[in-house]
Amino acid sequence: MSREKIVAGNWKMNNDSNQTRSLIGDLIKFNQVDATVMIAPAHTNLSIAQDLLSKSKIEVIAQNMHFSDSGAYTGEVSAQMLKSIGINTVIIGHSERRKYFKETDSELKLKVDMGLSSSMKVIFCIGEEIEDRRNNKHFEVIFNQINNSLFHLKDESWRKIVLAYEPVWAIGTGETASLVQIQEMHSMIRKNIADRYSMELANSISILYGGSVKPENSQDIFSLDDVDGGLIGGASLSANDFNKIISSI
Ligand code: PEP
């Protein structure tokens with residue numbers, strides 16, 4: 001079964017409005033490839049990015065949102081607000097949200113539900129800490145993250161879910177997981193989904209890898225059997241590097 005190939009750039013808290021215009025201006029000079037390409041600018045720059053990319057196939061997505069539809073949540077942004085400016089995909093559960101903003105599996109489950117009930121696609125991030133790996137708990141940690149936030153979903157809801165396996169120790173550190181580590185985790189994730197649902201469903205889910213992906217390693221990572229693309233942080237801030245990564249899929 002052919003799965004959707006995706007390369008998504010997570011800009012995090014980088015790029016003001018001028019830098020957003022400039023980076024997008026550079027990105028659209030490159031030829032498009034036969035894969036889904038997404039960028040996630042800061043909330044303040046989503047509309048600017050949407051306007052600049054209105055004739056491009058690059059999709060603008062959000063880095064986060066709240067689990068409620070509206071209300072007294074100062075500083076937060078709802079799914080409906082994102083949808084109203086044409087954003088149809090959101091990243092949920094990034095390890096930086098889990099770590100710095102103390103987002104829990106149960107809170108993330110609510111965010112997933114809100115995203116799906118708002119007809120949004122959800123890129124759901126999972127990843128273990130280095131201690132988990134040292135203690136040989138990495139498979140268990142990843143299973144629990146998926147189980148606690150996603151295994152309540154019905155089969156049909158999974159059509160809107162993309163998973164991103166991002167070992168926390170490889171994010172922004174320059175240290176990439178080895179090809180063996182990546183492939184074994186991705187195939188374990190697929191097996192967990194097959195065990196809980198069906199092989200057919202498991203084989204239809206795109207599982208991205210994230211963690212210090214760069215032009216020098218992207219081709220090898222993307223060629224692994226169970227890797228369907230990447231979630232790219234640092235390297236997505238350079239149009240050249242991001243384009244090289246996109247071209248390697
Ligand atoms: C990320 O933030 O999702 C990420 C993978 O970052 P980096 O590519 O910089 O490691």
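The values are calculated or read from the model by the stated rules, or taken from the named source; none is laboratory data. Not measured: the values here are computed from a predicted model. Every residue, glycine among them, receives a Cβ derived from its backbone with ideal geometry; neighbour counts consider all protein chains shown.
Would you confirm, using the coordinates I've provided, whether Gly229 is touching a residue at least 60 places away in the same chain (Cβ under 8 Å) and surrounded by 23 or more Cβ atoms within 10 Å (Cβ to Cβ)? Taking the combined requirement at face value, the residue satisfies it. Within region 170-187, the residues that satisfy the criterion of being surrounded by fewer than 20 Cβ atoms within 10 Å (Cβ to Cβ) and of a type outside the set (Gly, Ala, Ser) are Thr173, Glu175, Leu179, Val180, Gln181, Gln183, Glu184. Within region 27-78, the set of residues being among the β-branched types (Val, Ile, Thr) and at pLDDT 95 or above comprises Thr36, Val37, Ile39, Thr44, Ile48, Ile58, Val60, Ile61, Thr74, Val77. If the condition is being of a type in the set (Gly, Ala, Ser) and exposed (fewer than 12 other Cβ atoms within 10 Å of the Cβ), then region 136-160 contributes no residue at all. Quick one: is Gly172 of a type outside the set (A, V, I, L, M, F, W, C), closer than 23 Å to Tyr209 by Cβ and part of a loop (DSSP other than H, G, I, E, B)? Considered against the rule, which asks whether it is of a type outside the set (A, V, I, L, M, F, W, C), closer than 23 Å to Tyr209 by Cβ and part of a loop (DSSP other than H, G, I, E, B), Gly172 comes out as yes. Please count how many residues of region 228-243 are away from the ligand (no atom under 11 Å from the Cβ) and within 13 Å of the chain's Cα centre (by Cα). Result for region 228-243: 2.
Each row is one residue, and each column tells you yes or no for (1) among the polar types (S, T, N, Q); (2) outside any helix (DSSP H, G or I).
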{"residue": "Ser106", "(1), (2)": "yes, no"}
{"residue": "Lys111", "(1), (2)": "no, no"}
{"residue": "Gly115", "(1), (2)": "no, no"}
{"residue": "Ser119", "(1), (2)": "yes, yes"}
{"residue": "Phe124", "(1), (2)": "no, yes"}
{"residue": "Glu140", "(1), (2)": "no, no"}
{"residue": "Asn147", "(1), (2)": "yes, no"}
